[in-house]
1. Report the net charge of residues surrounding GLU123, where surrounding means a beta-carbon distance below 14 angstrom and charges are Lys +1, Arg +1, Asp -1, Glu -1.
2. Which length gain, in nm to one decimal place, applies between ASP92 and SER131 when the Cα-Cα distance is subtracted from 0.36 nm times their residue separation?
3. Arranged from highest to lowest average of other beta-carbon atoms within 10 Å per residue, in what order do the peptides 164-177, 59-72 appear?
4. How do 180-192, 111-123 rank on mean C-beta neighbours within 10 Å, highest first?
5. With point charges of +1 on the Cβ of Lys and Arg and -1 on the Cβ of Asp and Glu, referenced to the Cα centre of the range 52-113, which listed residue (GLY81, VAL99, VAL70) lies farthest in the positive direction of the dipole?
6. Ignoring ligands, DNA and RNA, please state the percent of accessible area on the range 131-255 from carbon and sulfur, probe 1.4 Å.
7. Just subtract the alpha-carbon distance of THR168 and ASP57 from 0.36 nm times their residue separation and send over the number in nm, one decimal.
Amino acid sequence: MASHRPPHLRKQCTRTAAALALAAVAVTGWAPAAHAGAAPAAAPGAAPPAAASTSQDEPLLSMGDSGPAVREVEERLKELGYWLGPVDGEYDVRTAQAVMALQKVAGIDRDSVVGPDTRAALEEGPRPQPSTSSGVVLEIDLDRQVLLVVRDGEVRKIFNTSTGSGETYFSRGQTNVAVTPEGEYSVFRRVDGWDDGPLGSLYRPAYFNGGIAIHGYSSVPGYPASHGCARVSLPAMDWLWANGRVENGAAVVVR
């Protein structure tokens with residue numbers, strides 16, 4: 001049906017409808033994300049609106065990077081309990097190990113690179129659940145390959161670790177299988193320095209099951225790679241020593 005409004009009223013209604021169509025875009029969450037919606041028409045002569053950023057648009061962050069973006073990632077990791085030492089905006093081995101621990105818990109690729117999937121995990125904030133409910137315990141999670149410092153059922157710190165590879169190896173005239181046996185143990189011997197053994201040197205090891213220890217190592221990959229020990233980074237092992245987490249008698253649970 002044709003409109004019988006005078007021309008000047010039709011123009012006024014059109015302008016009113018256009019004004020009501022404008023909507024603000026809300027931005028929420030740790031990583032800014034644009035919410036989809038109809039974009040308002042640009043005014044004559046105005047520059048086109050900038051595209052709202054999403055996690056897909058953020059640059060990849062990896063070893064050697066530095067700056068505010070790295071600091072933001074570090075602050076979020078620390079908030080979630082992933083150990084990385086001081087927040088300093090430097091993407092070094094400490095930050096890389098914390099990112100890998102997060103990736104393991106989140107069940108995404110373990111490459112220590114902050115990309116879209118890792119940014120989404122940072123926003124979601126996954127944390128592993130402990131298996132103990134009392135005392136201070138070091139829990140080694142074989143499935144996720146992380147080491148937890150647990151106090152009275154609360155996870156206080158989360159470390160990247162690498163345990164027994166499951167492969168066979170030859171040592172001292174015997175063929176063995178590289179496993180980290182499940183069970184409840186306690187630290188019975190530790191060495192404050194490098195401890196040379198038949199399978200290599202271990203940094204500040206805390207032995208809890210025969211020759212199996214929690215120790216520092218230069219390589220802590222995203223998969224089981226040791227002869228049976230639980231590897232952590234060298235700075236992480238220093239922290240465990242400095243904070244009394246690997247004293248003789250310290251409880252260790254492998255699960």
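The values are calculated or read from the model by the stated rules, or taken from the named source; none is laboratory data. Note that this is a predicted model, so its numbers are computed, not measured. Cβ atoms come from the backbone with ideal geometry, glycine included; neighbour counts cover every protein chain shown. We work out accessible area using only protein heavy atoms, side chains counted, and drop any ligands, DNA or RNA first. Shrake-Rupley method; radii C 1.70, N 1.55, O 1.52, S 1.80 Å.
1. Numbers: positive: ARG76, ARG119, ARG127; negative: GLU58, GLU72, GLU75, GLU79, ASP117, GLU124.
Every neighbour counted, the sum reads -3.
2. Values: separation 39, 0.36 × 39 = 14.04 nm, distance 3.08 nm.
The span from ASP92 to SER131 would gain 11.0 nm if fully extended.
3. Values: 164-177: 11.1, 59-72: 14.4.
Result, highest mean first: 59-72, 164-177.
4. Details: 180-192: 14.5, 111-123: 19.3.
Taking the mean over residues of other Cβ atoms within 10 Å, the ranking is 111-123, 180-192.
5. GLY81
6. On the way: 2510 of 5670 Å².
For the range 131-255, the apolar C and S fraction of the accessible surface comes to 44 percent.
7. Stretched fully, the THR168-ASP57 segment lengthens by 35.5 nm.
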